[in-house]
Amino acid sequence: MKYISTRGDQTQRGFSEILLEGLAPDGGLYLPTSYPKIDDATLTKWRGLSYAELAGEILSLYIDDIPQADIKALAAKTYTKAVYGFDEITPLKPLEPGLALQALSNGPTLAFKDMAMQLLGNLFEYELARRGESLNILGATSGDTGSAAEYAMRGKKGVRVFMLSPHGRMSPFQQAQMFSLQDPNIHNLAVEGVFDDAQDIVKAVSNDLAFKRQYKIGTVNSINWARLLAQVVYYFAGYFYATKSNAEKVSFTVPSGNFGNVCAGHVARMMGLPIDTLVVATNENNVLDEFFRTGAYRVRGSAETYETSSPSMDISKASNFERFVFDLLGRDGAKVKGLFKDAIEQEGGFQLSADDFAKVAQYGFVSGASRHSDRLATIKDTFERFGVVIDTHTADGLKVAREHTRPGVTMLVLETALPAKFAETIVEAIGQQPQRPSWIAGLDGLESLPKRFVVVPKDTQTVKDYVVQHCQD
C-alpha cells in the first residue's frame, strides 16, 4: 500500500513515512493509491470481532511497512475498556426505532478525537523508537483535537507537542483540559484569531520544507492520514452494532467542521461498507452545507467566522474536504491543485461545474445546518423524551439527521463530545449541570487548576521562533 498527494505529486510513499510527515511536499494531502475493497465474506468475518481486533484488521490493509503482529498489538494496547469505559468502545445509544447515537466520546478528553489520537500517540512512539528519532508535533485545534493530542502524547518518548488554539474561543472546560497540563513536552500557544488562522500557520510551517525537515515537524491534525484511518474503524463498528446482516444499509450523520470525521466515512463507503447516506451537519459556519447544496465552496475570513455554542465546528476552511474533492474529480491532482491552491488563494473559493457537482450524489452525501436555537431545542427534546443529555455538536448532528432519515435505513448520529465539555449551553437548555463520567479521574475541579500557556499573534514567524526555542527542551 502506497500513498500519493491530492495535488499531483505522484511520488509513492509508505505509511511510516507519511505518518511522521503530515502534509505532502507539494502542499497536498495523502491518500492511498487505491482503497482496499471489502467483500461480503470479509464483512461476515469481521462482524464477530472485538473493536481492537477490527481496528487491527482495517489498519493492516493500509500499513504494510509495520509487521502485522505489531499493528494488532498497538490496536489492542489502544482500545481497552480501561480507557473508554465500555467493552464495545463505541456503543450505540438507541433513541427511537431507526435512530441511535454512536458514542465516540468516552475517552480521556471526552471527545471523538480520542478514538484516533490515542492510536496515533502509540504509533508515533513505536515508529520513533524504531528509527531512534524525535518529533516536534505542530497542531491547531478548535477545542477537542488539542486536548486529545496532548493527553495522547504527554510523556511519550521522543515527542513534543506545540498546539495552537484560538485565544478565548474555546469552552472553559476545553481550555482547562489543555492549559492545565504541566508536562514539559506539552506547549500551548493561544493565537489571537480564529481556528482557521491557527490552521493556516500550521500549514505554512508544514509547507516550509527546509524548516520542517531541520526541526522534525509533524502533525496530529486530521490532515495526517493515520488519524483519519483510525476513524474509519468506528464506521465499520457502528454498522455491525446496528445491523444483523450485510444486506442492510446504514446512514451516518456527522457534525462537521474540518471534514475529517465524515471523510473517514467516505473512505469506509469507498471500501464497500454498506453506507446509504453520509449526512454532513454544520453549525452557523455553514461552508460545507453550502457546498453540498450548491457546488460552491467559499472560504470565510476571520471576521465572517461566527463564534458559536458548538465551537469545535467554528471552522470556515475545511482541510480534509480536499481529499473528497480529489476522489470526486477522478483523482485529477492538477485540477485539485488549481482549486485548493490557486482558486482559494486568489478568489477565496471555487464553483464546481454542473457536471462535476452532479457526481456528488454518487458518493452519498447530503447536508444541513443548525443554529443556537436548534441546539437548545434538540438538547431539551432529547433529554425530556429519552432521558439522554447530548452536547451541542451532537445536537447539531441530531437536528440535521432528522431531516434525512429514510424508512428501513437505520440512522446513526456520531456523538462527537460529552455534554460536560459545554456545561453553559446544557444548563441553558435543560436547567441543570451535565454529569462528568465516573470512569475518568481528575475531572472535578479541572477548571480551577493552574494554567500554562502563552498568547501569540497570528504570525507564522512568531510560532516558528517559539518552536526553535523550545524544541530541545
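Side notes on the structure shown:
- Scan the range 212-251 for residues that are crowded, with 20+ Cβ neighbours inside 10 Å and among the charged types (D, E, K, R) and the total you get is 2.
- Single residue of Asn258, Asn246 found to be over 21 Å from Thr90 (Cα atoms) and not in a helix (DSSP H, G or I): Asn258
- Pairing each residue of the range 16-36 that is free of Cβ contacts under 8 Å to residues at least 24 places away in the same chain with any residue that is assigned to a strand (DSSP E or B) and among the aromatic types (Phe, Trp, Tyr), provided the two are 6+ apart or on different chains, yields C-beta distances under 6 Å for Ala24/Tyr30.
- Of all the numbered requirements in (1) assigned to a helix (DSSP H, G or I); (2) in contact with a strand residue (DSSP E or B) (Cβ under 6 Å, 6 or more places away or on another chain); (3) buried (at least 23 other Cβ atoms within 10 Å of the Cβ); (4) aliphatic (A, V, I, L, M), Leu101 misses one, and that requirement is (1).
- For the range 171-185, a residue qualifies if it is in contact with a helix residue (DSSP H, G or I) (Cβ under 6 Å, 6 or more places away or on another chain) and in a loop (DSSP other than H, G, I, E, B), and the qualifying residues are Ser171, Leu181.
- Within the range 380-407, considering residues that are among the aliphatic types (A, V, I, L, M) and farther than 26 Å from Cys263 by Cα, the one surrounded by the most Cβ atoms within 10 Å (Cβ to Cβ): Val389
- Qualifying positions in the range 168-199 - surrounded by fewer than 20 Cβ atoms within 10 Å (Cβ to Cβ) and either free of Cβ contacts under 8 Å to residues at least 24 places away in the same chain or closer than 21 Å to Asp459 by Cα (or both): Gly168, Glu192
- Subset of the range 422-473 (residues that are closer than 26 Å to Ala111 by Cα and acidic (Asp, Glu)): Glu424, Glu428, Asp444, Glu447
- Looking across the range 118-168, the residues that are among the hydrophobic types (A, V, I, L, M, F, W, C) and assigned to a helix (DSSP H, G or I) come down to Leu119, Leu120, Leu123, Phe124, Leu128, Ala129, Ala148, Ala149, Ala152, Met153.
- Residue within the range 85-95 that is on the phi > 0 side of the Ramachandran plot and modelled with pLDDT of 95 or more present: yes
- Subset of the range 196-242 that is out of contact with any Leu (no Cβ under 8 Å at 6 or more places or on another chain) and outside any helix (DSSP H, G or I) - its residue that is nearest to Glu322 (Cα to Cα): Asn221
- Some residue of the range 220-232 being of a type in the set (Val, Ile, Thr), within 13 Å of the chain's Cα centre (by Cα) and closer than 21 Å to Phe453 by Cα: yes
- Pairs linking a residue in the range 438-450 that is exposed (fewer than 12 other Cβ atoms within 10 Å of the Cβ) to a residue that is of a type in the set (Lys, Arg) and not in a helix (DSSP H, G or I), with Cβ atoms under 8 Å and 6 or more positions apart or on different chains, are Asp444/Arg436.
- Restricting Asp26, Asp65, Asp40 to those that are loosely packed, with under 15 Cβ neighbours inside 10 Å and touching a Ser or Thr at 6+ places or on another chain (Cβ under 7 Å) reduces the list to Asp65.
- For the range 276-290, the condition holds for at least one residue, the condition being that it is free of Cβ contacts under 8 Å to residues at least 40 places away in the same chain and in contact with a strand residue (DSSP E or B) (Cβ under 8 Å, 6 or more places away or on another chain).
- Scope the range 402-432; condition more than 23 Å from Val250 (Cα to Cα) and either outside any helix (DSSP H, G or I) or acidic (Asp, Glu) (or both); matching residues: Leu418, Glu424, Glu428, Gly431, Gln432
- Those residues of the range 432-473 which are more than 30 Å from Tyr84 (Cα to Cα), among the polar types (S, T, N, Q) and more than 27 Å from the chain's Cα centre (by Cα), in sequence order: Gln469, Gln472
- Residue in the range 439-446 that is touching a strand residue (DSSP E or B) at 6+ places or on another chain (Cβ under 8 Å), farther than 30 Å from His372 by Cα and either of a type outside the set (Lys, Arg) or at pLDDT below 95 (or both) present: no
- Residue ID - surrounded by the fewest Cβ atoms within 10 Å (Cβ to Cβ), chosen from residues in the range 126-149 that are at pLDDT 90 or above and more than 13 Å from Val161 (Cα to Cα): Gly132
- The single condition among (1) touching a residue at least 60 places away in the same chain (Cβ under 8 Å); (2) surrounded by fewer than 24 Cβ atoms within 10 Å (Cβ to Cβ); (3) under 25 Å from Leu443 (Cβ atoms); (4) of a type in the set (Gly, Ala, Ser) that Gly155 does not meet is (1).
So that you can scan it fast, the table gives a plain yes or no per residue for (1) of a type in the set (Lys, Arg); (2) in contact with a helix residue (DSSP H, G or I) (Cβ under 8 Å, 6 or more places away or on another chain); (3) on the phi > 0 side of the Ramachandran plot; (4) assigned to a strand (DSSP E or B):
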| site | (1), (2), (3), (4) |
| --- | --- |
| Phe252 | no, yes, no, yes |
| Met270 | no, yes, no, no |
| Val280 | no, yes, no, yes |
| Tyr306 | no, no, no, no |
| Ala334 | no, no, no, no |
| Leu339 | no, yes, no, no |
| Asp356 | no, yes, no, no |
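The values are calculated or read from the model by the stated rules, or taken from the named source; none is laboratory data. Bear in mind the structure is a predicted one, so any value in this text is a computation, not a measurement. FYI the Cβ positions are ideal-geometry reconstructions off the backbone, even for glycines, and counts take in every protein chain you see.
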